[in-house]
Structures are given as structure tokens and as C-alpha cells.
């Protein structure tokens, strides 16, 4: 085994390349040990412990179920844990309790209606879902957006990242026994949601970002609202520092718990904060910029050890980075239209319907039949708060997609649980599950 | 790249259409050429849509398995699209090359009925274990809630 850093583990940040101090670079055979680390058992079968082929001291291993109705599994996640006393050996995440067939539903909805469907997947960051769906449709349509639409999308996506991370801070705090953090996290998130309500009409499931632009322009005085959010949340993040970051109990619970190496993270296709916590500076906003992320200045935060504490501090600091982006966006927000002028894609303004027959027909067509999208297929990916959120869209030339597949980051990231929990304590399982940040609506779709 | 196309992002991916027998070796080759991560694997059912554009030497089949690969080092994407016939929906598993496709292959098996040979735990992942059929197939009914219409109450 050689002590060398893989080429992809160093990345450009504003402070130059952040070199990863690799722990032992493991061989390819050992990298796949997660295949053996996953508990491969049917979900409904009672288990004879003698059938389980794993090294153990005594015949003391047993299978216990955590969830699906467990207060700390973030929705309906069931973990089948094979435990030896307090130590977890193997894990099998059992999912599907929230499966509502949204990908099938998408095939029955027009592209206009599609955004209302995808926004319900990741309910903590609905705007990212709408964004990736809209970008995929626009990619097939070949529509170019007016600059204001692009910057509004960026503003909203970053605000949503702040609210999503705040929500994570809250639930993670609760999982570790810090009820105050839960209250604070929800309190700050509410500010962002109030702004969303003002802008989009709803606190969640906005259907705001649509193919062709956004649903409505920003409300009057939005700069002030946004600045208040930025100021308050930024100040409060330093209070969280006082509350959690420096607190000995919190650090004891999170440091060196649920460790992951960069090689393992890449092998398991993990993305987002969980990948960055291992030292891989991979953020789609920086690496493969979309919208106008190459015109704003921000840093990609990386951890070093890939443990729960790294994932915590990455998310906390990403709130600050997002606020940095939001302030730049608010400053640079261009004037102009907030959706494309192509009447085949976007409905005409309400006032035009009264005076123009043409506008009325377009309005009727867009909302009944929808618009036709040229044949083809596209894969589009954005950086959601949880990682790479992708949309694979296949169009057969009609107004409904032939297939819409969402590459859900939570769904893929959940695969890391058997590896993260292995060798840890049952008590830490709660904290580690939380640090993966699975949103079950997105996992099950 | 003009300012307009940048606003949409650049989603260009290198496209490959291997046959089923070449599939594993093509994936392996990509891995050795710096595509470290298998970002996504999904299956598409093209039943009832014959006219899709494919390279001339590729025979269209009902199913298509789409594998999206990502290179972190060269910041590029690649897409591998394999045709899978309806009467024999079987494909070798690439879990040995990319362990991360575990859940994705299970999902494709569960919802589309593609069998991945060599997968250690090819069971349903989203649907209940005893479910019959594969819901994302085009010939799988979407299901409807029957509505009972009642007669309007007559004059009294």
C-alpha cells in the first residue's frame, strides 16, 4: 500500500488546492468489503443466528429492527441491525415505506404539471427538485432563459439550501440530545419559509421553478427580506458554534464516529456533504457550473476524516457559504423578464388574455395539453443540499415524458449506512443515520 | 460556450452503446480511464415508441439500461446505454466494478424487472416483497380508484 493521494481527492478552492492527507490507501479488494458488510437477509424472515456467516465471539449476535416507526430515523426508515451486545456488525436499510410511484406518476403528467410532482420528493429542498426537472425539460426544449430567471433560481435554491441545512442542524441536534438546537433550527428555518411563502405562495411544495423560468417575480422589497434572513441566520450560526461546536459532549459524540474514507465514498457513489467530508472537493456548483454559479464567489468546504463531526461542520459552514452567495446574488440581480417569452412554453400574462385571442389559445393549450418537447433524452444534475440530484428525462415528442428518472442523492447516500455503522454502537447509529441526512420522501419517491 | 448555453449548464456526456456481451468490459474500461463514480443507473421501457434515434448498428430493444458515469478527475460525464430485449431481460451486474450501483440495480430490478446477474441481493427495494409485476413497465396498469356514481335523488 502506498501513501499517496488520489488525483481526484485534491480540488481547487479559493485558497488553492486543498490537499488530502490520505489515511491508508486501501486495495481494491478491501474497498469492496462493504459488499460483505451489508446484511443480506429477506425482510420478513426470522433468522437463525447460526445461519449468519460472520465472525463473533459468542453466539450473542442478534437481529434487531430500528424503525420504521422510530422517532430518530428521519421518517419511515427501517434499519435491520445485527448486533453483538452494543456493537453493530451488519446493517440492512429497508426502505420503500413511503414509495408512491412518483416516477410512474410523472409519465402521466404533462411537463407543465411535472414540477408539482417532483417538488414533493425531497420535501426539505423542493426547489432543487423543481430546478433539476426544469433544467432537464429546458435542455430538451433548447430554451435559453433570461438572466433574471437564472439569478432568481439561484437565489431561491441557495435560500432553500440554508433552510434545508438548518432543518438538518435541528434534527441532528435532537438526535444527539440537544433539544435547544432543534428549537433554534426550526426557528431560523421558519424565516426562510416565510420568505418562500411570500414569493411562491407556499411554504413547501412550491411549484415555483417551472420549465421556462419561474412562476412569479420576486415580491417588492425582497432585498430587505433577504438581507434580514442573511443577517439573522449568519449571526445565529455563531450561536450554534457556541452551543454545539465547542461543546465537549457534542464533540465526544460526533468525532471519530461513523468514519469513511474518500475511496469508500467514491466507490459507493456518495455525493454531497458526505463525500466532501472525506476530503474530496467535489461540488457540482464549482466543478460543473450550472445557472450562474461561475459568476459568484464561494468556497467548497471539505473535511478531513469523514466522521460525523466533519459532516456537521461542513453543513454548518455551507450555510455561511450559501449566505455569501445569496448576498452576491441580491447585489447582482439583473432586471428583465423572469421567464422566457416563448408563448409555446410559458403561459401569457393574465392581462394579455383579455385582449388577445392568440394569448387565450396559448394559455388554454399550455394548461390543458401542455407543450410538446422534442424527442431525445437528457441527464441533468444539480447540487442539492444532499448531493448530486439528477434527472434523466426521455421524451418521445409528446407533451408527457416517456420516462422521468430522478437520481435521488439520499437514496444513494443511504448505501453508506452499513459501512458507517459497522463496529459502532447502537447509540451512535442514531447520530450517524442523521449525519447521512436521508430524506425519506426522496429515498422512496 | 455562449452566455445563453451556460445558463442552462453544460450537460454533454460521451455516449456509448455497447451490446450486452460488451457491457461489463466497456464499464470496466471507463473505470480504468478515470471514471471513478457510477452516478446513476436506471432502466427505460421503450414499449410503444419505436422511432427513437440510435446509432445505425444498434438494434433497438424494448428495454434500455442507462448508466451515468462521472469522472471527478477530468470533470466529465459518460453515458452507457445498453439494449435489453423483452424476452430475456438479463444483464450482468457491475457491482464488482462500482459497488455503489447496489441500490440502483435493485431499483431497476424492482420497478422494471431487469435481472442483474451476479448481484448479491437482487430483491425488491421499494415495493413490498410479495408484490407482483414491475410497476414502471409501460404495460403495467397505472391503477385507478373506481368511482361509483349514484343516481340523482328523484323528486319526492
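FYI, it's all coordinate maths here, none of it is from the lab. Predicted, not measured: the structure shown is a model, and the values here were computed from it. Don't worry about glycine lacking a Cβ; one is built from the backbone with ideal geometry, like all the others, and counts go over all protein chains shown.
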**OP:** Ignore the peptide's own chain and count Cβ atoms of other chains within 10 Å of each Cβ in B:71-81; give me the average, rounded.
**Re:** 3
Original post:
What is the packing order of peptides A:389-398, B:47-56, A:172-181, taking the mean over residues of other C-beta atoms within 10 Å and listing the highest first?
Top reply: A:389-398, A:172-181, B:47-56
Original post:
How many partner chain Cβ atoms sit within 10 Å of a residue's Cβ in peptide B:39-47, on average, as a whole number?
Top reply: 6
Original post:
How large is the helix-only mean residue ellipticity at 222 nm for the protein assembly as shown, computed as the sum of -39500 (n - 2.57) over DSSP H runs with n ≥ 4, divided by its residue count, in deg cm²/dmol to the nearest 500?
Top reply: -11000 deg cm²/dmol
Original post:
Taking the Cβ-Cβ separation of residue B:58 and residue B:32 as r and a Förster radius of 22 Å, what is the calculated FRET efficiency to the nearest 0.05?
Top reply: 0.40
Original post:
How many Cβ atoms of partner chains, on average, are near each residue of B:96-108 if near means within 10 Å of its Cβ?
Top reply: 6
Original post:
Using 1/(1 + (r/R0)^6) with R0 = 22 angstrom and r between the beta carbons of residue A:241 and residue A:297, what's the FRET efficiency to the nearest 0.05?
Top reply: 0.45
Original post:
What do you get for Rg/Rh of the protein assembly as shown when both radii come from the Cα atoms and Rh is the Kirkwood radius?
Top reply: 0.96
**OP:** Hey, for a label at residue A:350 modelled as a point 7 Å past Cα toward Cβ, could you say which residues of region A:170-211 have their backbone N under 14 Å away?
**Re:** A:201
**OP:** List the relative contact order of chain A as a percent without decimals, with contacts defined as Cα pairs under 8 Å and 6+ residues apart.
**Re:** 24
Original post:
Kirkwood hydrodynamic radius for chain B: how many Å is it when counted over pairs of different Cα atoms?
Top reply: 17.9
Subject >> Cα gyration tensor category, rounded, prolate or oblate, for region A:287-424 with a/c compared to 1.5 >> reply: oblate
Original post:
Any idea what angle helix A:357-368 forms with the longest principal axis of chain A, computed on alpha-carbon atoms, 0 to 90 degrees, nearest 10?
Top reply: 20
**OP:** Would you calculate the volume per residue, in Å³, of the smallest convex hull containing every Cα atom of region A:112-369?
**Re:** 129
Original post:
What is the gain in length, in nm to one decimal, between residue A:331 and residue A:224 on full extension, counting 0.36 nm per residue of separation less the C-alpha to C-alpha distance?
Top reply: 37.4 nm
Original post:
Is region A:390-441 best put as rounded, prolate or oblate by its Cα gyration tensor, with a ≥ b ≥ c the root eigenvalues, rounded for a/c under 1.5, and otherwise prolate when a/b is larger than b/c, oblate when not?
Top reply: prolate
Original post:
Using 7 Å Cα-to-Cβ label points, what is the residue A:204/residue A:64 separation (nm, one decimal)?
Top reply: 2.9
Original post:
Can you work out the FRET efficiency for the pair residue A:190 and residue A:365, with r the C-beta to C-beta distance and R0 = 51 Å, to the nearest 0.05?
Top reply: 0.85
Subject >> Separation between Cα centres of region A:412-445 and region B:14-35, rounded to whole Å >> reply: 31
**OP:** Give me the angle, in degrees from 0 to 90, between the Cα long axis of helix A:308-332 and the longest principal axis of the Cα atoms of chain A, rounded to the nearest 10.
**Re:** 20
Original post:
On a 0 to 90 degree scale, rounded to 10, what angle separates helix A:222-240 from the longest Cα axis of chain A?
Top reply: 10
